[in-house]
1. Determine if the range 213-221 includes at least one residue that is assigned to a strand (DSSP E or B), more than 12 Å from ligand 1 (Cβ to nearest atom), at pLDDT below 95 and of a type outside the set (Ser, Thr, Tyr).
2. What number of residues within the range 303-337 satisfy the criterion of being assigned to a loop (DSSP other than H, G, I, E, B) and either over 19 Å from Met43 (Cβ atoms) or more than 16 Å from ligand 1 (Cβ to nearest atom) (or both)?
3. Within the range 77-102, track down each residue that is over 30 Å from Lys38 (Cβ atoms) and within 20 Å of the chain's Cα centre (by Cα).
4. Can you tell which of Asp271, Asp255 is under 25 Å from Ala116 (Cα atoms), exposed (fewer than 15 other Cβ atoms within 10 Å of the Cβ) and either away from ligand 2 (no atom under 13 Å from the Cβ) or among the β-branched types (Val, Ile, Thr) (or both)?
5. Would you mind stating whether Gly269 is at positive phi, at pLDDT below 95 and part of a loop (DSSP other than H, G, I, E, B)?
6. Quick check: anything in the range 180-188 part of a loop (DSSP other than H, G, I, E, B) and hydroxyl-bearing (Ser, Thr, Tyr)?
7. Tell me, yes or no, whether the range 285-302 has at least one residue that is among the acidic types (Asp, Glu) and within 16 Å of ligand 1 (Cβ to nearest atom).
8. Could you list, in sequence order, all residues of the range 324-337 that are in contact with a strand residue (DSSP E or B) (Cβ under 7 Å, 6 or more places away or on another chain) and at pLDDT 95 or above?
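The values are calculated or read from the model by the stated rules, or taken from the named source; none is laboratory data. Here the structure is a predicted model, which is why all the values come from computation and not from measurement. Counting neighbours? That spans all protein chains shown, and the Cβs are built from the backbone with ideal geometry, glycine included.
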Amino acid sequence: AAAALQQQQQQQGNRAPGILFDIDGVLIRGNTVLNEAKEAFQMLSKRHLLKNIPYMFVTNGGGTTEAHKAHQLSKWLHVPVSEKQVVLSHTPLRMYEQYFNKTVLLIGQGPLKEIAASYGFQKTLDLDDMRKAFPLMDIVNMKVRKQLKSHPPTPIPVPPVEAIFVMHDPLEWESCLQVLIDLLISKDGVPGTLDSKQHIPIIFSNADFLWMAEHPQPRFGQGAFRLCLEALYKELTGRDLLYTQLGKPFGVTYDYAEKLLNEQAQKLGYDGLSYFYMVGDNPRSDVRGANSRQNGRSVLVRTGVFSPHLDNDPSDPAHFVVPHVRDAVQLVMRHFD
Ligand code: G3P
Ligand code: MG
């Protein structure tokens, strides 16, 4: 393998190919690690290729820190994984320095304030802070309504919201949709005020309409939540919601991942990255994203969102379609033999 790699390096002018691994529907389904994933990484370790191939994990999932995801991945796959090899849906938020000192509302699950602080955001709020500031906001919930009657709360004020980050699939959609609409129609980031134009910027980290967990059918993702918010905003105001979208298949996430892959390649002694394989299960995010990059090669697996009955995806056809990640890795390894 080493000789083949050397030959490949010479062909590529000492530039190395790399691999981007998707996580959900490729390596895991919900909390279950796929056997083929463990086998794939065992194979790569045995061939000592893990030491020679730059590789990363790029997921539209989130709600955790890169360090924690790296730790989970190394436990699942029995290989060392560093946080620099992990790009979560919200990782590119690190680049939004203009909001580091602004008040940002974070929506989703997990330790969002901790994650945002690790990126540099100093002033963050979550749904609970908004509830404490505006106790009547959740009046649709009959349990809350009863409690409010018996124990009228004293509001704990929050500063005006200056930006919104949807960082992960939210729970309690009715509360999230209501508070986001309140803010998006507001004049100054204070629910209750009103203006004829959208003042508050909103960034979504993941556009996936569907994703694959343990259930046999795909589940709704953050993209489905965004569609609901857009529909409500349009119905209420007649205007289209203005938003920024991160995650696969968008350039911002691929730029970020490729930059890290390139750095890894250089650390391994190459001049840089030649091209990359994206191993994914979702044609709309993984395949579309890789196909839109000049140096991207898409490898679609059948263990996730992609329908097992089709030869290839009609709208976003992959360069290669294989049953699972072990075969995907074998395909990549053939390029080294
Ligand atoms: O919420 C996670 C999901 O939308 C997709 O994750 O790893 O398949 O990009 P992944
Ligand atoms: Mg996936």
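1. Checked against the condition, which is being assigned to a strand (DSSP E or B), more than 12 Å from ligand 1 (Cβ to nearest atom), at pLDDT below 95 and of a type outside the set (Ser, Thr, Tyr), the range 213-221 yields no hits at all.
2. Applying the first criterion (assigned to a loop (DSSP other than H, G, I, E, B)) to the range 303-337 yields 303-319, 323-324, 335-337.
Subsequent filtering for residues that are either over 19 Å from Met43 (Cβ atoms) or more than 16 Å from ligand 1 (Cβ to nearest atom) (or both) retains 304-319, 323, 335-337.
Total meeting the criteria: 20.
3. Residues of the range 77-102 that are over 30 Å from Lys38 (Cβ atoms), as a first pass: 93-102.
Selection gives Leu93, Arg94, Met95, Tyr96, Glu97, Tyr99.
4. Unique residue meeting the criteria: Asp255.
5. yes
6. Checked against the condition, which is being part of a loop (DSSP other than H, G, I, E, B) and hydroxyl-bearing (Ser, Thr, Tyr), the range 180-188 yields at least one hit.
7. Yes: the range 285-302 contains one or more residues that are among the acidic types (Asp, Glu) and within 16 Å of ligand 1 (Cβ to nearest atom).
8. Selection gives His324, Val325, Ala328.
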